[in-house]
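In what follows, a single structure is set out as structure tokens and then discussed.
The values are calculated or read from the model by the stated rules, or taken from the named source; none is laboratory data. Note that the structure is predicted; figures quoted are calculated from it, not measured. Backbone-built Cβ (ideal geometry, glycine too); neighbour counts: all protein chains shown.
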Amino acid sequence: MNIIDTVFYCFQYLLFVYASVIIISYVVLAVVAVIECFEYYKKNEVVNYKNVLSSPFSPSISIIAPSYNEELNIVENVRSLLSNHYSNYDVIIVNDGSKDNSMSKLIDVYALKKVDILIDTQIETKTIRGIYKSTNRSYEKLIIVDKENGGKSDALNAGLNVSTSQYVLCVDVDCVLVEDSLQKIIKPFLESTDRRVIATGGVIRIGNACQIKGGEVMEVNLPKKLIERAQILEYFRSFLLGRMAWSRLDGLLVISGAFGLFDREIVMAAGAYDTKTVGEDMELIVRMRRYMREQKLRYRVSFIPDPLCWTEAPDNHKIFISQRNRWTRGTIETLKKHRKIGFNPSYGSLGLVSYPYWLFFERLAPLIEFMGVIVVIVLAFLGNISWAYFWIFSLLILLFSVLLSSVAILAEELTYHQYKNKGDGLHLVLTAFLEPLFFHPVVVYAAIRGNWDYYLVKNKHWGRMERKGLGQKK
């Protein structure tokens with residue numbers, strides 16, 4: 001056996017070991033997640049959330065939503081955020097230097113007037129040009145912050161400065177919130193007595209093709225495009241399996257930037273959002289956890305499986321690749337910036353479990369998979385490949401992927417069962433078979449592009465998510 005054959009043999013062996021470890025970890029996480037999900041569902045299915053709604057002791061919450069050039073949907077988006085059935089909240093819309101007519105529309109529709117409000121500027125941001133409130137008492141919970149453009153993180157920081165609430169719910173302005181989302185998302189903060197809950201996330205659902213009226217989801221439909229349906233499965237696995245498991249294991253490293261509730265005091269103490277990263281949501285959670293650990297404070301980051309928020313996912317490959325490119329670069333930035341915690345016993349499970357998992361199975365997985373494809377091509381070209389082994393191994397990976405997706409679909413069907421139309425379950429299972437063949441390669445390509453842009457192009461741009469508006473298409 002020559003040196004080249006030895007190298008390829010070793011790589012194949014390591015690839016097999018790597019794949020085996022990933023499969024085992026996915027199985028463990030799936031089992032833990034299913035247990036956690038069903039325990040939560042049984043515990044909360046008869047909870048009367050009106051008690052939280054009507055209680056005079058309900059904690060104060062600010063919903064902070066950055067907005068940039070949202071002229072087409074801004075009025076309806078704000079109306080949706082204002083329709084939440086909670087007793088003690090306000091809505092802070094941060095107009096981040098929009099160049100369209102967003103601001104004038106808000107002023108006209110919501111009867112806004114500029115007001116003088118003393119702001120405790122704990123975090124430096126771009127200049128705030130004005131703060132507006134409505135002269136119509138129906139919109140007394142609404143606050144509009146008009147500022148110079150500084151990006152999403154800067155806009156969120158401006159909202160944090162303006163807020164005086166105990167908790168802040170950071171959302172995308174175009175998200176549609178379930179009417180009792182605040183009652184449910186605040187519950188982990190109220191229930192925990194032995195540790196301080198610093199952040200809680202909830203399940204985000206893809207609203208493409210859903211019928212939405214007056215800021216409320218009237219009918220849930222499956223999209224027709226494979227790229228949209230595949231993302232629904234991806235969200236099932238990510239939220240119902242992945243994040244539920246990591247929440248139970250106290251190792252959650254990310255809460256989606258589209259919907260997350262935070263303890264404002266801890267957010268500010270940790271330095272708020274980093275304006276120099278494109279993965280601001282993950283970076284903030286890691287920094288908050290690192291802060292609590294270094295201060296020797298008992299804490300937890302929670303996650304609940306309730307479907308609390310509906311958002312729009314990319315419906316074409318160009319926008320999808322741009323989004324996942326940014327997610328990859330954000331992951332690289334966060335792991336690099338906080339590499340001190342990696343494999344460091346001083347940070348407990350955060351450094352010894354969560355960080356290594358994200359490094360090896362989230363950060364490096366696309367690169368290793370891509371290298372595996374290159375090795376297979378080279379071996380095929382050299383005529384030195386066992387096709388029987390190759391096809392058996394590929395079939396096992398495909399079947400495992402389908403099985404994992406099926407478990408996520410089953411968990412959804414047995415709990416919140418959002419997709420009730422005839423044939424939806426069958427279409428989701430069919431998508432589970434098609435996803436590894438036609439969707440996953442695009443995900444890997446986007447991740448490779450993200451690495452290329454980060455290390456070679458030095459791309460620091462957040463990227464642009466072109467939206468058509470929820471409820472605008474079926």
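Can you tell me which residue among Ser302, Ser256, Ser247 is part of a helix (DSSP H, G or I) and small (Gly, Ala, Ser)?
Answer to the check: Ser247.
Could you look through the stretch 134-164, keep only residues that are small (Gly, Ala, Ser) and over 24 Å from Leu308 (Cβ atoms), and pick out the one that is surrounded by the most Cβ atoms within 10 Å (Cβ to Cβ)?
Ranking the candidates gives Ala158 first.
Could you check the stretch 70-92 and list, in sequence order, the residues that are in contact with a strand residue (DSSP E or B) (Cβ under 9 Å, 6 or more places away or on another chain) and in a helix (DSSP H, G or I)?
Residues satisfying the conditions are Ile74, Glu76, Asn77, Val78, Ser80, Leu81.
For the stretch 267-276, state whether one or more residues are within 24 Å of Cys309 (Cα to Cα) and either in a helix (DSSP H, G or I) or basic (Lys, Arg) (or both).
yes
Say we look at the stretch 195-223 and pick out the residues that are more than 18 Å from Met288 (Cβ to Cβ), at pLDDT 90 or above and charged (D, E, K, R); which of these is nearest to the chain's Cα centre (by Cα)?
Ranking the candidates gives Arg205 first.
Out of the residues in the stretch 401-416 that are without any contact (Cβ under 8 Å) to a residue 40 or more places away in the chain and closer than 19 Å to Ile23 by Cβ, state the one that is surrounded by the most Cβ atoms within 10 Å (Cβ to Cβ).
So, considering only residues that are without any contact (Cβ under 8 Å) to a residue 40 or more places away in the chain and closer than 19 Å to Ile23 by Cβ, the one surrounded by the most Cβ atoms within 10 Å (Cβ to Cβ) is Ser401.
Test of understanding: among Ser58, Ser67, Ser80, Ser20, which residue is crowded, with 17+ Cβ neighbours inside 10 Å and more than 21 Å from the chain's Cα centre (by Cα)?
So the residue among Ser58, Ser67, Ser80, Ser20 that is crowded, with 17+ Cβ neighbours inside 10 Å and more than 21 Å from the chain's Cα centre (by Cα) is Ser58.
Name every residue in the stretch 282-299 that is part of a helix (DSSP H, G or I) and out of contact with any helix residue (DSSP H, G or I) (no Cβ under 8 Å at 6 or more places or on another chain), in order of residue number.
Of everything in the stretch 282-299, those that are part of a helix (DSSP H, G or I) and out of contact with any helix residue (DSSP H, G or I) (no Cβ under 8 Å at 6 or more places or on another chain) turn out to be Ile285, Arg287, Glu294.
How many residues are among the aromatic types (Phe, Trp, Tyr) and either at pLDDT below 90 or within 22 Å of Cys10 (Cβ to Cβ) (or both) when one looks only at the stretch 346-370?
First, the residues of the stretch 346-370 that are among the aromatic types (Phe, Trp, Tyr): 347, 355, 357-358, 360-361, 370.
Remaining after also requiring either at pLDDT below 90 or within 22 Å of Cys10 (Cβ to Cβ) (or both): 360-361, 370.
Residues flagged as among the aromatic types (Phe, Trp, Tyr) and either at pLDDT below 90 or within 22 Å of Cys10 (Cβ to Cβ) (or both) within the stretch 346-370 amount to 3.
Specify the residue that is surrounded by the fewest Cβ atoms within 10 Å (Cβ to Cβ); the eligible residues are those in the stretch 23-44 that are within 15 Å of Phe361 (Cβ to Cβ) and of a type in the set (A, V, I, L, M, F, W, C).
Taking the candidates together, the pick is Ile24.
Can you pull out every residue in the stretch 255-267 that is charged (D, E, K, R) and buried (at least 19 other Cβ atoms within 10 Å of the Cβ)?
Filtering the stretch 255-267 for residues charged (D, E, K, R) gives 263-265.
Scanning the stretch 255-267 gives Asp263, Arg264.
Does Thr415 satisfy being in contact with a Ser or Thr (Cβ under 9 Å, 6 or more places away or on another chain), of a type in the set (S, T, N, Q) and under 28 Å from Pro305 (Cβ atoms)?
Here the answer is no, as Thr415 does not meet what is asked.
Quick check on my filter: what residues within the stretch 305-329 are over 15 Å from Leu169 (Cβ atoms), among the charged types (D, E, K, R) and either outside any helix (DSSP H, G or I) or free of Cβ contacts under 8 Å to residues at least 12 places away in the same chain (or both)?
Hits for the stretch 305-329 are Glu312, Asp315, Lys318.
Sort out which residues of the stretch 83-97 are modelled with pLDDT under 95 and either surrounded by fewer than 19 Cβ atoms within 10 Å (Cβ to Cβ) or within 17 Å of Glu148 (Cβ to Cβ) (or both), and write them in order of number.
Ser83, His85, Ser87, Asn88
Take the residues of the stretch 371-400 that are loosely packed, with under 15 Cβ neighbours inside 10 Å and among the aromatic types (Phe, Trp, Tyr): which is farthest from Tyr13 (Cα to Cα)?
My answer is Phe381.
Search the stretch 105-120 for residues that are in contact (Cβ under 8 Å) with a residue 40 or more places away in the chain and pair each with any residue that is surrounded by 14 or more Cβ atoms within 10 Å (Cβ to Cβ) and part of a helix (DSSP H, G or I) when their beta-carbon atoms are under 9 Å apart and the residues are at least 6 apart or on different chains.
From the stretch 105-120, the pairs are Ile117/Val162; Ile119/Ala158; Ile119/Asn161; Ile119/Val162; Asp120/Asn161; Asp120/Val162.
If the Cβ limit is 6 Å and pairs must be 6+ apart or interchain, which residue in the stretch 448-459 that is in contact (Cβ under 8 Å) with a residue 40 or more places away in the chain pairs with which residue that is assigned to a helix (DSSP H, G or I) and among the acidic types (Asp, Glu)?
From the stretch 448-459, the pairs are Asn459/Asp453.
Would you point out the residue of the stretch 268-279, among those that are surrounded by 19 or more Cβ atoms within 10 Å (Cβ to Cβ) and modelled with pLDDT of 95 or more, that is farthest from Gly159 (Cα to Cα)?
Ala270
Take the stretch 165-188 and flag every residue that is at pLDDT 95 or above and either surrounded by fewer than 20 Cβ atoms within 10 Å (Cβ to Cβ) or basic (Lys, Arg) (or both).
Residues satisfying the conditions are Ser165, Gln166.
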